[in-house]
Amino acid sequence: MKKIAILVDNKSSILSELISNVIQQIKSYGTIEVYPIDIEGSGTKNFAENVELLEKFNNYDWILFENNSYSIDLACYLGSHLPMEILNNVVEISEEKVTCQTFSGKAESTYSSDQRLILILSKSFKCKELTTESMSIPMSSEIAIHFSDKKGHLIRLNKLNNAISLPDAKFVVGAGRGMKDPSNWGIIEQLSTKIGAALACSKPISDLNWRPHHEHVGQTGIKIAPKLYIACGISGAIQHLAGVNGSETIIVINSDPEAPFVKNADYAIIGDLFQVVPELLKNIK
Amino acid sequence: MNILVCIGIVPDTTSKLVIDSATGKIDKRSLTMIIGPYDDYALSKAIEIKEQNNATLSVVYVGDDASAETLLRKSLAIGADEAFQIKVPAISSKQVATEIIHFAQKRSYDLILMGKESIDSNNGLVHRLVGNGLNFNHFSPVMQLDVLDPQKVKIHVEVPDGTADYEVFLPAVFGCQEPIAEWKIPSMRGIMMARTKPLTVIDPLLQPTIKQFNDQIIEKNRLKRVYKLEDTKEIADIINNLIN
């Protein structure tokens, strides 16, 4: 029987869909305790001595985290101080092995789960169907983390204005060189607003300064794993595909039936995006 | 100012991955190996800082890839002063970080740069673990970096709700991503000079301990249907189903 701890953000009062799913899948392997913890603080401040915290979590076989940049900071803090290995991008957990996604979804590596591990769950974790049985895991009391100083002096925070954060977005609308000119982005913005999607672009677009760099999705930009990704006028260079492979469903709009993205999408529509997108806007509810 | 850049060696993005039936792992012999693209950005930025601030620049690689010497010579050719290989099979992030921490503790670095993640494991853990191990300030992914004075840098970094500018005291370790610098290509003169620059192979502190089984290649045949322009309504229905 394993001792398992799951560390969740103390700011959210309910368990996420992912965590609920994971608990259902692994609860027969041992005892599970869920701890709310100051995950945001771990991302912005340096850690002080945390004897109590480290002693507490040194008792577990597995410590699980959801994947966001702040929780990875905390996972690494524990990993630096406890005799445990850390695995990221975990997509499957069983009694014998842990599977991690590699090569942006093109491959997977498996490790023995019979060792003490800190596991960071991928957004592409293979969730099974949720049973209707209600979650009977009570939250343990919060464990305090001690911080020393801020990691740096904040000069300026540029918040994304009422836009949806790209790495965490459920839906994403991306556009590429098929847009022909930055002044044509109006229909893409309308489509993203209608769907409630974050905006993305391909590398040439951010290189041309048509769109900001933080919208660049691909091998050297941001990686996304939304439920739905709609790519408009993006040919689908392998570097772009590497950033979007984790998407559940991909719809591609492209005038070129030979574009590599067509073969790598779930659904493709061959046509002029300046005709297709307005037609979609009319028909999406 | 002393700068250290940590590089990983990874298969080129366009490589076709194949499993070696003898080991059950990805067969690296058939692949073109490159310096990790993000690490390459970190290295390019470090060279710019070195040139502007008269700094010294070392490169370290933890691993036993066959192309290590060629790629470390390349990093010397584009401007690094010396290169080190800690020769051991690199299996886990913690193992690699432990080697880098041990290496850096014996020297004195003000700034340690590497890519925000490798393109094979996509982990992004090593820079965090190195920051913890050395007690350095840490940020990632850093997109702009300017040296203000020998003790302080200004960075532009992605944060969960947007981007932010920070002034950070050195020593610090940063995970880098574009557009921090443009990739550099070695010049003929650089290649000649690299031949006489020091490249040292070091024994590891420890052997990997994590138990790894095997790798699998994931083939996704996504394509379900290709539609024509006049079928746009059907696509709209698919979208409606997915978003509601």
(Q) Just to be sure before I move on: is A:Ile37 more than 14 Å from every other protein chain (Cβ to nearest Cβ), β-branched (Val, Ile, Thr), in contact (Cβ under 8 Å) with a residue 24 or more places away in the chain and touching a Gly at 6+ places or on another chain (Cβ under 8 Å) in the structure I sent? (A) no
Q: Name the single residue, out of those in the range B:130-143 being farther than 16 Å from B:Ile49 by Cβ and at the interface with chain A (Cβ under 7 Å from one of its Cβ atoms), that is surrounded by the most Cβ atoms within 10 Å (Cβ to Cβ).
A: B:His138
Q) Across the range B:29-59, what is the number of residues that are within 14 Å of another protein chain (Cβ to nearest Cβ), buried (at least 20 other Cβ atoms within 10 Å of the Cβ) and not hydrophobic (A, V, I, L, M, F, W, C)? A) 8
Q | Candidates A:Lys106, A:Lys97 - the one that is in contact with a Ser or Thr (Cβ under 6 Å, 6 or more places away or on another chain) and within 7 Å of chain B (Cβ to nearest Cβ) | A | A:Lys97
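Are there helices (runs of 4 or more DSSP H) fully within the range A:14-110 with at least 1 residues that are out of contact with any Asp or Glu (no Cβ under 8 Å at 6 or more places or on another chain) and within 21 Å of B:Thr98 (Cα to Cα)? List them.
On the way: elements: A:17-26, A:39-44, A:51-57, A:69-81.
It comes to A:51-57, A:69-81.
When you scan the range B:1-79 for strands (runs of 3 or more DSSP E) that lie fully inside it, which ones turn up with 2 or more residues that are farther than 25 Å from B:Val173 by Cβ and touching a residue at least 60 places away in the same chain (Cβ under 8 Å)? Break it down into steps so the answer makes sense when it comes.
Numbers: elements: B:2-7, B:9-11, B:33-35, B:56-62.
Those strands (runs of 3 or more DSSP E) do not exist here; none qualify.
Provide a single number: the residues in the range B:73-85 that are more than 18 Å from B:Asn2 (Cβ to Cβ) and under 16 Å from the mean Cα position of the chain (by Cα).
Taking the range B:73-85 and keeping what is more than 18 Å from B:Asn2 (Cβ to Cβ), we get B:73-74, B:77-78, B:85.
If we keep only those that are under 16 Å from the mean Cα position of the chain (by Cα) as well, we get B:74, B:85.
So the count comes out to 2.
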Q) In the range A:111-157, which residue that is modelled with pLDDT under 85 and not in a loop (DSSP other than H, G, I, E, B) is farthest from the other protein chains (Cβ to nearest Cβ)? A) A:Met139
Q. Restricting attention to the range B:100-140, and to residues there that are touching a residue at least 60 places away in the same chain (Cβ under 8 Å) and assigned to a strand (DSSP E or B), which single residue is nearest to A:Thr220 (Cα to Cα)?
A. B:Gly115
Q. Which one of the conditions (1) over 27 Å from B:Asn122 (Cβ atoms); (2) under 24 Å from the mean Cα position of the chain (by Cα); (3) among the hydroxyl-bearing types (Ser, Thr, Tyr) does A:Ser255 fail to meet, given that it meets all the rest?
A. (2)
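The values are calculated or read from the model by the stated rules, or taken from the named source; none is laboratory data. Please read these numbers as outputs of a predicted model, since none were measured by experiment. Cβ atoms come from the backbone with ideal geometry, glycine included; neighbour counts cover every protein chain shown.
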